[in-house]
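One structure is given below, encoded as structure tokens.
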Amino acid sequence: MNAESHQEEIFGKAYDLELVRRLWRFIVPYRALFGFSLMLLPLQQIFGLAQPIIMKVAIDRYIAGANLWGLGVMGTLFAVVLVGEVVTYYFQYYFTMLVAQKALADLRVAIFSHVQSLPMSAFDRNPVGRLMTRMTTDVEVLQEMFAAGVMTLVSDMIMLVWIVAIMLYLDVRLALISLALIPLMVLAINFFRIKARLTYRLIRERIARVNAYLGEAIPGMSVIQLFVREEKSYREFEGLNSSHRDANQLSNMYEASLYSMVEVAGSVSVALLLWYGGGEVLHGIIGIGTLVAFKEYIHRFFIPMRDFSTKYAVMQSAMSAAERIFHLLDTPTVIASPPRPFVARPFRGEVAFNDVWFGYREGDSVLKGVSFRIEPGEKVAVVGATGGGKTTIIKLLSRFYDIQRGSVMVSGVDVRNWDLQALRRHIGVVLQDVFLFSGDILWNLSLGDQSVSVERMEQAASYSNAERFIRRLPGEFRAQVRERGSNFSTGQRQLLALARVLVFEPEILVLDEATSSVDTETELLIQDALVKVMKDRTCLVIAHRLSTIRHADRIIVLHKGEVREIGSHAELLEKRGIYYRLYQLQYEREESRVDTTVPGLKFQG
Amino acid sequence: MGGMQRLKSYLWRYWKRYLIGVLCLAVTATLIMVVPWWIRAAVRTIEQGGPIEDVVFYAMMIIVAAVAQGLVRTFSRFLIFNAGRDIEYDLRNDLFAHLQKLPLSFYHSYRTGDLMSRVINDISSVRMLLGPGVLNLINAPLYYLFAVTLMFTMDARMTLVVILVYPMMAWAFRNFRGKIQQVSLKVQQQMSALSSHVQENLSGMHVVKAYGREQSQTHRFVELNEEYQRRNMDMAQLRGLIGPFMQGISGITVLIVIWYGGMRVISGDLMIADVVAFIAYLNILAWPTAAFGWMLSLLARGRASMERLEEIFKAEPEIASPPLAHSVPDSQGGLEFRDVWFTYDSKDNGRAVLKNISFDLPRGHKLGIVGRTGAGKSTLVQLIPRLYDVSSGEIRIGGRDIRTLSLSELRRFVGYVPQDPFLFSASLRSNLAFGNDEASDEEMQHAVRVASLDNEVGIFTQGLDTVVGERGIALSGGQKQRATLGRALVFNSPILILDDCLSSVDAQTENEILRALRDTLKEKTCIIISHRISAVREADNILVLDEGEVVEKGNHQELLRKGGIYADLFQLQQLSEELDRI
């Protein structure tokens, strides 16, 4: 072993120890139960290790002494001990798994609630699948560790100590002869452990590379095909694949050698035992029974050694799963409530943006010094071309992202000084693409808030014109909503979203009007509901309908990330500036009842 | 061909190694079996009072057998496990090669994660079947056969009593397996309920946050999680029985040998040496007995995984070169569409996306296509490099139906720049040279210039060698689009299709790019799809597509005069350009 790999080894040890320490914290709440299962362990082993001694006595005293009654007693004793071993074995496993399941369930909840507190930008970066893997597959791997690895490694160690002690007690010299090969085995296993750690790491890295390659090649397959790259990309894949195989075959060699070596050592130990012990029996120093018992102990001694490599592999993959999990848990929750949040009492629904600068990526500002103020109860429409930063304003108001400069104030308090949940409770958001959860209608209206009464939800649905279609559904308010609301039309989903706002009664309504067209009847229902929902609320609407704009007290024209014009519809038209052109481009046709869906128009912001 | 049949053909490739491996296993088993036999001989000698020389001889024989066994065993394990790894490697290569042949439509029906899990996890469990699975499948019967035979030769009566336990075990095990399957189904169901909740929570995170529902979401998760934990404990209760049960079985056999054997020794019928040998054989059988359940689940899992792989292997590479492929004709003939209809099978309920499209595009000419979103513009051009095949009608190049041409030649003939830019995590240089590794520095520089990438190349610290993509620096939408355009320029094909590929590029840069392209593309046949009239106005011919049909056709001036959709669009465009300049 050279110095470098030695260092890596030491580093790896400390690192794994740290992981184990962090996992241990999840076991601490169940330490009593865990302690109990640990206490069963020696009991189980005593039952198991008593068996060879019973054999010894049976052979040396009763069989050799031709005592049938004594043999019967020993047989019964053996049976009792066997039952004891089987029962303690079962409960030991059961309680270990109970602790494991409880601890891992806690771990899952810890991951889930941590993910809940991550800022929206984390979800922009991490695909849903990756986060799910942390909560499911990776935790399952840890479960495997409890079932097959760590616990048995610990119990194996204790067992080996027991066996050595009993052997020494029975016959010191015979024990030393039987265990003569142990130092050799310790060296071999240690050698294996060091080699295996390196090869397992190699394997882990290489399979990760195969994974990463596939992760791009599969979604990019049409590009590969279009550029007739199949052969080259096959060669690249084959290269990664073969290096993964080679690492595995290397580890096969270590594992096969270790396994065989342990088996050989076991047989050789038995031979040494017969050689030396045979002489002792012939000299009448010990009975044949002792020889038999020793043979049994040697057998039991080598089983855990043989299984070491399998358990070690389980441990290794558990450690990498733990590493990934803790890496996620260590992702800072950038956006969090301050330690002592401000409480705005009484809440006034006023909103102000003061010189707000913001970009999703550094050096790429979407909002450039945006300032405006909305008085309580005022209705303001935001208009502008796509990419002008309209949706961003909504996201900043609810503090989904933190701004880079300036301030966003709600009810006179900077959003960064608000308690996040309290702030968001005051703001009702309806987005273009209404997200429905699977469950029933009531669940979707209350979003699982049990303090909301069914009457209130029904009232809200009725007021927002959603009741009519709900009543026609099978099960009415208990009608099932499929994943992502796929069994509801766009219009229905919007009505439900408006009802949801009424259920929560926020003082501020933020609305991103849907652009997709719905049938005329639903359109009228939505229009009517909108008027009702907007009443007595501070409203910030990203408007796509001319009627909504007309109803607004003021219009903010956002152009290329800047507020360029503010005023009423009539004032702005008169100005003949940006709004005037936008109006011509987007809304005028609506007025003259021409199809408004202009083909693929898109402007740069 | 079923999945298992395919697997057999892979096994067949390595039959020599498996054969030698199996022979080695047989030798190993024999060498293992002689050890108790010599132990018996040694103990017998001791019982009879010597001589010690004989005992030493037997001990030495045991050592010789053990060492020989160790060598052969290492070799056999190495051979079989490595063959398993080799087949894993072959399978993975073959599956990847097969995936490369599958058409775009295939990738609409399988999620990336699903396909990845098949290539990684399913092949892994097939490998478990081929390595440890095969090994134990051969070892277990060998061990039983040898051990039982040898025990029989020692004492038939006692053997019969002992092996009576095994059918009992098999019976108990069968009942048990049904229960385990039931419970494991319940565990899986709860797991998928849990996953769905997580998936939904993550996809609807903006709603969760907007309404401050984090706590109730967590609460629901806790409920599902608790149920999952309960079901897992039901499983643990059952699975926890297996180990003790097997241990109990082994223990009972030993108990029988000691008690019953002891009685026989007392009656002078047997020797203690026989009892010792019996116990030694039972110890050898303990492992295959304990591993029995594990082996069965290994087999079941491997088989199920192989079927999942077979599903992919069975998917037809519908779009491929014909058996007798023509080369792309190097004549002056251009591109023709003749009465082309196209329908996606799965999407849109069989509604025709393209209806009766016919046009001629002579070599070196430029064709512009405009139309609203969903009009079928992208579909139309994706038919040319055969990402999809026409449902009826014909597309010809140089007078030949493209389906009669060699697919790779056709694709080298057509450069397609898609709307969604896709780059690989590699250096900008290798992304640009993706279709043409032999590109000269000059060609690269040219592409960089035309696609207006010189700015980026200047800013990036490592220039063209900067790694871009998911594991490199993140590019903006416009930068990505320009890089994909550059890639197509380096590809340097006679036909170039730009599918609204500058939509995220700002207007000014787009104009610069279009100006630079004009010179480069002089010789090339081009199709340009754009939402900006400025990009297509100079085309020789412009198609206006609506609902899958060509509704207007002509050059810029002609279409303006017509006063239809195109003229309308043009007017709007001018307004928005005006707006853009403000």
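The values are calculated or read from the model by the stated rules, or taken from the named source; none is laboratory data. Keep in mind that what you see is a predicted model, and the values were worked out from it rather than measured. Neighbour counts are summed over all protein chains in view; Cβ atoms, including those assigned to glycine, are modelled from backbone coordinates with ideal geometry.
Take the range A:103-118 and flag every residue that is buried (at least 20 other Cβ atoms within 10 Å of the Cβ) and either of a type in the set (Phe, Trp, Tyr) or more than 9 Å from chain B (Cβ to nearest Cβ) (or both). Residues satisfying the conditions are A:Ala103, A:Leu107, A:Ile111, A:Phe112. Counting only residues that are touching a Gly at 6+ places or on another chain (Cβ under 7 Å) and either surrounded by fewer than 16 Cβ atoms within 10 Å (Cβ to Cβ) or not in a helix (DSSP H, G or I) (or both), the range A:52-93 holds 2 of them. Looking at A:Phe326, A:Phe301, just one residue is closer than 24 Å to A:Ile182 by Cα, of a type outside the set (Val, Ile, Thr), within 49 Å of the chain's Cα centre (by Cα) and away from every other protein chain (no Cβ under 12 Å), and that residue is A:Phe301. Could you pull out the residue among B:Pro103, B:Pro132 that is closer than 29 Å to A:Leu226 by Cα and more than 14 Å from the chain's Cα centre (by Cα)? Of the residues listed, the single one that is closer than 29 Å to A:Leu226 by Cα and more than 14 Å from the chain's Cα centre (by Cα) is B:Pro103.
Against the criterion of being farther than 30 Å from A:Leu214 by Cα, β-branched (Val, Ile, Thr) and crowded, with 16+ Cβ neighbours inside 10 Å, B:Val457 does not qualify. State whether the residues of the range B:524-541 include one that is closer than 19 Å to B:Val448 by Cα and either in a strand (DSSP E or B) or more than 11 Å from chain A (Cβ to nearest Cβ) (or both). Yes, the conditions are met somewhere in the range B:524-541.
Checked against (1) over 18 Å from B:Val126 (Cα atoms); (2) polar (S, T, N, Q); (3) buried (at least 19 other Cβ atoms within 10 Å of the Cβ), B:Asn82 passes all but a single condition, namely (1). Of the helices (runs of 4 or more DSSP H) lying entirely inside the range B:80-188, those containing at least 3 residues that are free of Cβ contacts under 8 Å to residues at least 24 places away in the same chain span B:112-117, B:134-154, B:156-163. Could you tell me which of the residues A:Gly369, A:Gly359, A:Gly388, A:Gly349 is in contact with a Pro (Cβ under 6 Å, 6 or more places away or on another chain) and either touching a residue at least 60 places away in the same chain (Cβ under 8 Å) or within 14 Å of chain B (Cβ to nearest Cβ) (or both)? That would be A:Gly349, the only listed residue that is in contact with a Pro (Cβ under 6 Å, 6 or more places away or on another chain) and either touching a residue at least 60 places away in the same chain (Cβ under 8 Å) or within 14 Å of chain B (Cβ to nearest Cβ) (or both). Just one of (1) touching a residue at least 40 places away in the same chain (Cβ under 8 Å); (2) touching a Leu at 6+ places or on another chain (Cβ under 8 Å) fails for B:Val198. It is (1).
For the range A:200-253, a residue qualifies if it is aliphatic (A, V, I, L, M), in contact with a helix residue (DSSP H, G or I) (Cβ under 9 Å, 6 or more places away or on another chain) and more than 9 Å from chain B (Cβ to nearest Cβ), and the qualifying residues are A:Leu202, A:Ile203, A:Leu240, A:Ala247, A:Leu250.
Inspect all residues belonging to the range A:333-348 and state whether any of them is on the phi > 0 side of the Ramachandran plot and in a strand (DSSP E or B). No, the range A:333-348 has no match at all.
Just wondering, is there one or more residues in the range B:355-362 that are of a type in the set (Val, Ile, Thr), at pLDDT 85 or above and over 30 Å from A:Ile298 (Cβ atoms)? Taking every residue of the range B:355-362 in turn, at least one turns out to be of a type in the set (Val, Ile, Thr), at pLDDT 85 or above and over 30 Å from A:Ile298 (Cβ atoms). I'd like the full set of residues that are at pLDDT below 85 and farther than 14 Å from B:Phe434 by Cβ, limited to the range B:468-499. Answer for the range B:468-499, where residues must be at pLDDT below 85 and farther than 14 Å from B:Phe434 by Cβ: B:Glu470, B:Arg471, B:Gly472, B:Ile473, B:Ala474, B:Leu475, B:Ser476, B:Gly477, B:Gly478, B:Gln479. Which condition number does A:Ile403 fail, the rest of (1) within 14 Å of chain B (Cβ to nearest Cβ); (2) crowded, with 17+ Cβ neighbours inside 10 Å; (3) of a type outside the set (Phe, Trp, Tyr); (4) assigned to a loop (DSSP other than H, G, I, E, B) being met? Failing condition for A:Ile403: (1).
So that you can scan it fast, the table gives a plain yes or no per residue for (1) farther than 17 Å from A:Phe308 by Cα; (2) without any contact (Cβ under 8 Å) to a residue 60 or more places away in the chain; (3) in a helix (DSSP H, G or I):
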site	(1), (2), (3)
A:Leu131	yes, no, yes
A:Met145	no, no, yes
A:Ile158	no, no, yes
A:Ile166	yes, no, yes
A:Leu176	yes, yes, yes
A:Leu184	no, no, yes
A:Ala188	no, no, yes
A:Tyr213	yes, yes, yes
A:Glu216	yes, yes, yes
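Taking the conditions (1) buried (at least 20 other Cβ atoms within 10 Å of the Cβ); (2) free of Cβ contacts under 8 Å to residues at least 24 places away in the same chain in turn, B:Ala375 satisfies each one other than (2). A:Ala461 satisfies every condition listed in (1) in contact with an Asp or Glu (Cβ under 6 Å, 6 or more places away or on another chain); (2) within 10 Å of chain B (Cβ to nearest Cβ); (3) not in a loop (DSSP other than H, G, I, E, B) except (2).
Being within 42 Å of the chain's Cα centre (by Cα), more than 10 Å from chain A (Cβ to nearest Cβ), free of Cβ contacts under 8 Å to residues at least 24 places away in the same chain and at negative phi narrows it down to one residue among B:Ser327, B:Ser297; which is it? One residue alone meets the criteria, B:Ser297.
When the range B:212-267 is filtered for residues that are of a type in the set (Ser, Thr, Tyr) and not in a helix (DSSP H, G or I), only B:Ser267 remains.
Tallying residues that are surrounded by fewer than 21 Cβ atoms within 10 Å (Cβ to Cβ) and either at pLDDT 90 or above or not acidic (Asp, Glu) (or both) within the range B:256-269 yields 8.
Among the residues of the range A:530-541, the ones that are surrounded by fewer than 22 Cβ atoms within 10 Å (Cβ to Cβ) and either in contact (Cβ under 8 Å) with a residue 40 or more places away in the chain or not charged (D, E, K, R) (or both) come to 5 in all. Of all residues in the range A:71-102, those that are more than 8 Å from chain B (Cβ to nearest Cβ), without any contact (Cβ under 8 Å) to a residue 60 or more places away in the chain and over 17 Å from B:Gly243 (Cα atoms) total 5. Of everything listed in (1) out of contact with any strand residue (DSSP E or B) (no Cβ under 9 Å at 6 or more places or on another chain); (2) assigned to a loop (DSSP other than H, G, I, E, B); (3) surrounded by 18 or more Cβ atoms within 10 Å (Cβ to Cβ), the single unmet condition for B:Glu438 is (3). Selection of the range B:70-79 for residues being facing chain A (nearest Cβ under 7 Å) and either closer than 30 Å to B:Arg44 by Cα or not in a helix (DSSP H, G or I) (or both) yields B:Gly70, B:Arg73. Looking at the structure I just gave you, is A:Arg416 surrounded by fewer than 16 Cβ atoms within 10 Å (Cβ to Cβ) and touching an Asp or Glu at 6+ places or on another chain (Cβ under 8 Å)? Judged against the criteria, A:Arg416 is not a match. Going residue by residue through the range A:306-323, is there one that turns out to be within 30 Å of A:Val380 (Cβ to Cβ), surrounded by 16 or more Cβ atoms within 10 Å (Cβ to Cβ) and within 14 Å of chain B (Cβ to nearest Cβ)? No, the range A:306-323 contains no residue that is within 30 Å of A:Val380 (Cβ to Cβ), surrounded by 16 or more Cβ atoms within 10 Å (Cβ to Cβ) and within 14 Å of chain B (Cβ to nearest Cβ).
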